[in-house]
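Novice: Quick one: this structure, given as structure tokens, is what I'll be asking you about.
The values are calculated or read from the model by the stated rules, or taken from the named source; none is laboratory data. Just so we're clear, the structure is a prediction, and the values are computed from it rather than from any experiment. Cβ placement follows ideal geometry from the backbone for every residue including glycine, while neighbour counts extend to all protein chains displayed. Remember, those area values only see protein heavy atoms, side chains included, never the ligands or the DNA or RNA. Shrake-Rupley method; radii C 1.70, N 1.55, O 1.52, S 1.80 Å.
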Amino acid sequence: MEPLRVELNEFLPLRDVVFDTLRRAILTGRFKPGERLMEVRLADQLGVSRTPIREAIRKLELEGLVTMIPRRGAEVAQMTVKGMRDVLEVRRTLDVLSVELACERITPDEIQLLRKAHDEFVTVLKTGDTTMMATADVAFHNIIIEATGNLRLKQLINNLAEQIYRYRFIYLQDDIKHDMLIEEHEAIFKAIKEKNSDAAAMAARIHIDNQEISIIRHIEDER
């Protein structure tokens, strides 16, 4: 595994770059649930002082990605069935609302963009690169969210984005599920294109239900 490093960005303060680096390491599974985040070691690895590390850990705690343990310090938050269900219950409701509104409001140009995003997702699945797959998956769903034209809905979904990404990354690593994912995206696209809100809502629910089953199995296997 390549050493952890920061990718400096002239447009972002160092503390934000460090935060993004640590968050990405957690979301992609580089840092495992329960793993301690030791300020001195991380500062040495990234070649920075402890101050931006400490600030990043505080922000990660607020996002629910890090837990502070008495006498132990910061640890990557454990993934529990209860926590996962809490997140996906909200995600399921928001996704269903998104596809229903998209059926009413999506434009012909957005339908073309959604078709293209689905095709790109299918192509990326063949690479086996989970990060690229997750990016393509997010792009597909983001087009639907934008098509709703509802800024409040978009904000609510963005508030859950990081926790959803963590579960999405796990799900996409299971290549046995890839064919099913393609079918689910195709069903969502077809229903929205045909402006069939009932079919779109059902397809969105099935999409989340299957993720829940798969992630529960993963969490239980990791115990």
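Novice: Grab the helices (runs of 4 or more DSSP H) fully contained in the range 1-119, keeping just those with 2 or more residues being in contact (Cβ under 8 Å) with a residue 40 or more places away in the chain and touching a helix residue (DSSP H, G or I) at 6+ places or on another chain (Cβ under 6 Å). Explain how you work it out, then say what you get.
Specialist: Values: elements: 14-27, 39-46, 50-62, 81-105.
Because the criterion is at least 2 residues that are in contact (Cβ under 8 Å) with a residue 40 or more places away in the chain and touching a helix residue (DSSP H, G or I) at 6+ places or on another chain (Cβ under 6 Å), the helices (runs of 4 or more DSSP H) in the range 1-119 that meet it are 14-27, 50-62, 81-105.
Novice: Name every residue in the range 88-113 that is among the hydrophobic types (A, V, I, L, M, F, W, C) and either open to solvent by 60 Å² or more (accessible area, probe 1.4 Å) or farther than 22 Å from ARG168 by Cβ (or both), in order of residue number. Before you say what the answer is, go through the steps one by one.
Specialist: Here is the first cut: in the range 88-113, the ones among the hydrophobic types (A, V, I, L, M, F, W, C) are 88, 90, 94, 96-97, 99, 101-103, 106, 111, 113.
Within the range 88-113, VAL90, LEU97, CYS103, ILE106, ILE111, LEU113 qualify.
Novice: Of the residues ALA204, ALA199, only one is in contact with a Ser or Thr (Cβ under 9 Å, 6 or more places away or on another chain), surrounded by 14 or more Cβ atoms within 10 Å (Cβ to Cβ) and either of a type in the set (Gly, Ala, Ser) or assigned to a helix (DSSP H, G or I) (or both); which?
Specialist: Sole residue among the options that is in contact with a Ser or Thr (Cβ under 9 Å, 6 or more places away or on another chain), surrounded by 14 or more Cβ atoms within 10 Å (Cβ to Cβ) and either of a type in the set (Gly, Ala, Ser) or assigned to a helix (DSSP H, G or I) (or both): ALA204.
Novice: Within the range 144-176, how many residues are touching an Asp or Glu at 6+ places or on another chain (Cβ under 6 Å) and not charged (D, E, K, R)?
Specialist: 1
Novice: Here's another thing I want to ask about it. Given GLY64, GLY34, which one is at positive phi, out of contact with any Asp or Glu (no Cβ under 7 Å at 6 or more places or on another chain) and open to solvent by less than 70 Å² (accessible area, probe 1.4 Å)? I'd like the intermediate steps shown before the answer.
Specialist: Values: GLY34 fails: out of contact with any Asp or Glu (no Cβ under 7 Å at 6 or more places or on another chain).
On inspection, the qualifying residue turns out to be GLY64.
Novice: Identify all residues within the range 149-166 that are among the polar types (S, T, N, Q) and surrounded by 21 or more Cβ atoms within 10 Å (Cβ to Cβ); write none if there are none.
Specialist: Here is the first cut: in the range 149-166, the residues among the polar types (S, T, N, Q) are 150, 155, 158-159, 163.
Result: GLN163, single match.
Novice: Which of the residues that make up the range 120-145 are touching a residue at least 24 places away in the same chain (Cβ under 8 Å) and outside any helix (DSSP H, G or I)?
Specialist: First, pick out the residues of the range 120-145 that are touching a residue at least 24 places away in the same chain (Cβ under 8 Å): 121-122, 125, 128, 130-131, 133-134, 137-138, 140-141, 143-145.
Residue satisfying the conditions is GLY128 alone.
Novice: Another question, then. Of all residues in the range 69-80 being touching a strand residue (DSSP E or B) at 6+ places or on another chain (Cβ under 6 Å) and more than 17 Å from GLN163 (Cα to Cα), which is most open to solvent (accessible area, probe 1.4 Å)?
Specialist: Looking only at the range 69-80, we keep the residues that are touching a strand residue (DSSP E or B) at 6+ places or on another chain (Cβ under 6 Å), and these are 69, 74-75, 77.
If we keep only those that are more than 17 Å from GLN163 (Cα to Cα) too, we end up with 69, 74.
Working: ILE69: 55, ALA74: 8 Å².
Checked the range 69-80; the qualifying residue most open to solvent (accessible area, probe 1.4 Å) is ILE69.
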